[in-house]
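Engineer: Quick one: structure below, then a few questions.
None of the figures in this text is laboratory data; all of them are computed from the coordinates on show. Only a predicted model underlies this, so the values are computations on that prediction, with no experimental measurement involved. As a convention, Cβ positions derive from the backbone with ideal geometry for all residues, glycine included, and neighbour counts pool all protein chains shown.
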Amino acid sequence: MSSPVIFEPEMFEEIWTEISSNLWFQLTLLLTVAIASSFLFARVGQPKIIGLIVLGIIIGPSLLGLIKVDPDDPSDMVHNFAQLGAIIILFMIGLECNIKEIYTKRNVLIAIGGVSVPWITGYFLAEVMLPAPDVALELTKFTQSIFIGTALVATSVAITVGVMREMGIIGSNIAKTIIGAAVVDDIIAMVVLAITTGVASGGGVDVFNLSYITIAAVLFVVLGSYFGSHFVTKIISRVERRGIAHGMEESGFLLALSLALIYAVIAESIGISAIVGAFIAGTSFSASEYRMRYMKWGTVIEWIFAPIFFLSLGIIVNLQQLDSLNWLLFALALAGVAIASKVIGCGIPARIFGMNKRESVAVGFGMSPRMEVVMIIAVYAITREFISNQVYSSIIIMGLITVLIAPILLRRTLRELPREKEKFESK
């Protein structure tokens, strides 16, 4: 008679580790959680996006540890799917925007204010609050401080766009201002990162590298928009017409999406965010006569990948890494400065260019969320050993707080601007 099989706790742990690391299990869990979140937060009248991020924290390493996302690992498929979700979101938003209303003098100056004020205030906050290092590590404190300032620069436009879309004001004047300024903001953020890297490395600013990033980014926006709207859109429309004639109605959309991904690849290759490239592609193709058809097809893909993106923002956070009260206080202070500096830095130029006080504040709140580009900057800094693990965790948690708090403040501010909303809804 054979002896019974005894399952030890270690065996269950090994089995669970194998299951939880399976890609299909992870995607099943994420999509199931996304459905539950949508029902739950719709019932309590709260934004779905906030619910997805909160549930991401719950199922991530901060609490239950059911799943993890590793942005350091290029082969992490959940992270890659999340990035695809962000790209699709920005591509779809670009299709809804008029290119001439996005890249304006006002939006550029708002972006400049939204970069300079957070960069400076973040640096000085770190200088005041970070623990004093040993004499031999004095440069390390300066390096961490300047990188913390850099981390406050970029805006998480996907978060703000999601909130404005839920509110039904994505075509309003404020929405166009926020989106345009945020895109310019992310481009400038990459220039700031180049400056910071040069200074932190002790070799001063690499003028050649800085000039390359600046010129390449400007040329990409200008040429990408021009050729996309004047030439590429005509090619896509021609393919769409032939596709309809041959019973392949999806052909034009698939070509547009493929070209949006190419735009994203080019954007990353020159040192700016892939989502900026996708947005530029969207604005370029928005003049197409088949735009509404593309948006219809794109919405189906967005339903799948966008929730994975928002859930991953919560999963990537590990609250357990803040191992002392001082670091938690620093993360909270950093989040407060992150929001206040955007409101000041973006709100003042918006006020100067004719927006009223409440609209200017709304622009500042709309520019306050940080996550995607911040995550890129933080990962880059820690892999180059420019910041410590505690600083890295503080930056990520700062980003989490801003994507949770800023949208709530934005919604509350925009609700008190009924004329703008009524004007848009009457169109």
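Engineer: Using Cα pairs under 8 angstrom and six or more residues apart, how large is the relative contact order of the stretch 73-425, in percent? List each step's numbers first, then the result.
Structural biologist: Numbers: 542 pairs, mean separation 105.2, N = 353.
Contact order relative to length: 30 percent.
Engineer: Using a cut-off of 14 Å between beta-carbons, work out the net charge of the residues near GLY228 (Lys and Arg +1, Asp and Glu -1, GLY228 not included).
Structural biologist: Numbers: positive: LYS100, LYS234, ARG291; negative: none.
Every neighbour counted, the sum reads +3.
Engineer: Which net charge results for the neighbourhood of LEU255, defined as the other residues with beta-carbon distances under 13 angstrom from its beta-carbon, given Lys and Arg at +1 and Asp and Glu at -1? List each step's numbers first, then the result.
Structural biologist: Details: positive: LYS234, ARG238, ARG241, ARG242, ARG293; negative: GLU240, GLU249, GLU250.
So the environment of LEU255 carries a net charge of +2.
Engineer: Over 20 Å between Cα atoms: which of LYS105/LYS176; LYS100/LYS176; LYS48/LYS357; LYS105/LYS296; LYS100/LYS234; LYS48/LYS100 fall into that group?
Structural biologist: On the way: LYS105/LYS176 13 Å; LYS100/LYS176 10 Å; LYS48/LYS357 28 Å; LYS105/LYS296 32 Å; LYS100/LYS234 18 Å; LYS48/LYS100 31 Å.
Those over the limit are LYS48/LYS357; LYS105/LYS296; LYS48/LYS100.
Engineer: Name the residue, out of LYS234, LYS342, LYS48, whose mean-square fluctuation peaks in a Gaussian network model built on the chain with Cα pairs under 10 Å.
Structural biologist: LYS234
Engineer: Where does the charge balance sit around GLU240 when Lys and Arg score +1, Asp and Glu -1, over other residues with C-beta under 12 Å from its C-beta? Present the calculation step by step, with values, prior to reporting the outcome.
Structural biologist: Values: positive: LYS234, ARG238, ARG241, ARG242, ARG291, ARG293; negative: GLU249, GLU250, GLU289.
Taking every Cβ under 12 Å from that of GLU240, the sum is +3.
Engineer: About the Cα centre of the chain, how large is the charge dipole given +1 on each Lys and Arg Cβ and -1 on each Asp and Glu Cβ? Please answer in debye to the nearest 20. Please list the in-between numbers first.
Structural biologist: Values: 29 positive and 32 negative charges, 472 e Å.
I would put it at about 2260 debye.
Engineer: Still on this structure: So how long is each side of the chain along the principal axes, counting just the alpha-carbon atoms, biggest first, in Å?
Structural biologist: Result for the chain: principal-axis Cα extents of 70, 69, 45 Å.
Engineer: Right, here's the next one. Filter the chain for me: DSSP H helices, axial length by Cα at least 24 angstrom, mean Kyte-Doolittle hydropathy not below 0.0. List them by residue number.
Structural biologist: TM-like helix candidates: 23-43, 77-95, 105-129, 173-200, 207-227, 251-269, 291-315, 325-352, 389-415.
Engineer: At most 12 other Cβ atoms within 10 Å and a DSSP loop assignment: could you name the GluC sites (Glu not before Pro) in the stretch 288-391 that fit?
Structural biologist: Values: sites: GLU289, GLU302, GLU359, GLU372, GLU385; in loops: GLU289, GLU385.
Of the GluC sites (Glu not before Pro), the ones in loops of the stretch 288-391 whose Cβ has at most 12 other Cβ atoms within 10 Å are GLU289, GLU385.
Engineer: Hey, another quick one. GNM on the chain, C-alpha springs below 10 Å: top fluctuator among SER394, SER75, SER273?
Structural biologist: SER75
Engineer: Here's a follow-up. At 0.36 nm per residue, minus the direct Cα-Cα distance, what do MET248 and MET77 gain on full extension? Give it in nm, one decimal, please.
Structural biologist: Working: separation 171, 0.36 × 171 = 61.56 nm, distance 3.00 nm.
Separation in residues times 0.36 nm, less the Cα-Cα distance, equals 58.6 nm.
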